[in-house]
1. Ordered by packing density, taken as the mean number of other Cβ atoms within 10 Å over each peptide's residues, highest first, how do 146-158, 38-50, 119-131 rank?
2. Gain in length, residue 301 to residue 87, computed as 0.36 nm per residue apart minus the alpha-carbon separation, to one decimal in nm?
3. Any idea which of 259, 38, 158 is furthest toward the positive side of the dipole for the chain, if Lys and Arg beta-carbons carry +1 and Asp and Glu beta-carbons -1?
4. At 1.4 Å probe size, with the rest of the protein present, what percent of the exposed accessible area of the chain is carbon and sulfur atoms?
5. Can you work out ³J(HN,Hα) from phi for every residue in the stretch 74-86, in order, using Karplus 6.51 cos²θ - 1.76 cosθ + 1.60 and θ = phi - 60°, giving whole Hz and x for Gly and Pro?
6. Could you run the Karplus curve 6.51 cos²θ - 1.76 cosθ + 1.60 with θ = phi - 60° over the stretch 237-247 and give me ³J(HN,Hα) per residue in whole Hz, x for Gly and Pro?
7. Run the simple label-point estimate for residue 52 and residue 196 please: 7 Å along Cα→C-beta, distance reported in nm.
8. Put +1 on the Cβ of each Lys and Arg and -1 on the Cβ of each Asp and Glu in the stretch 175-221; which of 188, 218, 175 then has its Cα farthest toward the positive end of the dipole?
Amino acid sequence: MSRHRVLARAPGRVNLIGEHTDYNDGFAMPMGLPFETSVLFEPRSQPSAVIHSDGHPSIEFDFSVPPTSVDSWGRYVAGMVERYLTNVGPSLGFEARVSTTIPVGASLSSSAALEMAVGVGLHALNDTAPDMAELARWGQHVENTVIGIQSGIMDQLISATATLGHATLLDFRTFDRQPVEIPDTATVVVIDTLTRRELADSEYDKRRAACEAACAQLGVAALRDATFDEVAAIADALLRRRARHVVTENARVQEMAAALAEGDLPAAGAAMDESHRSLSVDYEVSGPALDAVVEHAQAFDGCVGARMTGGGFAGCAVALVRSEAVEEFVEYMAGAAGGPVPSDGPLCWPVAPSAGASATTIAE
Ligand code: GLA
């Protein structure tokens, strides 16, 4: 095995539409963000790792210990190392420096980006070739078994496979990935409420359980297979609303993809607005600050559509804004501060879609 340093990177993501559909075998349309996590790997002889990140104590672990015994954010790294050792083979040890420009805990997938950067980095360090969808599965496995969050695979899949300059229409059953062009008359704006999730994980698990219960009642493998009429006939009102969100959200992803392909911005925006309403009312995963910024954004003339993005409860919203009105929109959004939104918020970032995870080898 030749020895070289490796610089790996992977982006955070913003999801344009298709929320809480990934664990229902459904559809979503996320894109890579210009915010990313990078990891610089130095190979070393011992099968162990030392990882550093500014502002955090360094973390050291041996490849033979279970990832759950590793401290703090080192578990994400150790979990990906464990996946590599199990699925590919022995790996060089390393010393790594991690840095990120992704706001942490803001629903922009900072943990998936760390996992994917480590995944491509490990492959480059050991001169093996990654299968990007497989790396996404490793990341989901780390979340589910090491971190203990029953999340789906959207965040890892887009961080691994995002296409530069495009959003991606993801099919979580077939893993089909279609690049989607956003007309240049519209710009994606990420809106950070500056609120952060608390207790969101147990609510997330409850939503998954509700979807499974609805599937059992309907006799379908996943809510992807249920029709609107079938869902409307579910007797239990809460289960009915939860399942209705998933079925209608899958349809909205297709509507928005078709609208963008035709350059029909009003139709694309209407799907986003309706997605937020459904997430807030039927799925109940929005929150006061998210509702406030989305309502404020939607009232702006040049805002095509706006919704919460990611798991929900706090964190970020996303808006599609007419490109000529973006500057004015960013200034206007300052007016959403106050009430449930912190007085220094919200923060707005107009963003262009970035590329998925990659690694480069640095010659000694
Ligand atoms: C979180 C999870 C994803 C997905 C979204 C909701 O980001 O990690 O798998 O379920 O919530 O769409």
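The values are calculated or read from the model by the stated rules, or taken from the named source; none is laboratory data. Because the structure is a prediction, the values reported are computed rather than measured. FYI the Cβ positions are ideal-geometry reconstructions off the backbone, even for glycines, and counts take in every protein chain you see. For accessibility, only protein heavy atoms count, side chains too; no ligands or nucleic acids. Shrake-Rupley method; radii C 1.70, N 1.55, O 1.52, S 1.80 Å.
1. Averaged packing, sorted descending, gives the order 146-158, 119-131, 38-50.
2. Value of the extension gain: 71.9 nm.
3. The residue sitting farthest along the positive end of the dipole is 38.
4. 52 percent
5. x, 5, 5, 5, 4, x, 5, 4, 4, 4, 4, 4, 6
6. Listing the rounded values in order: 5, 5, 4, 4, 5, 4, 5, 4, 4, 5, 5 Hz.
7. That separation, rounded to one decimal, is 2.4 nm.
8. Projecting each Cα onto the dipole axis, the largest value belongs to 218.
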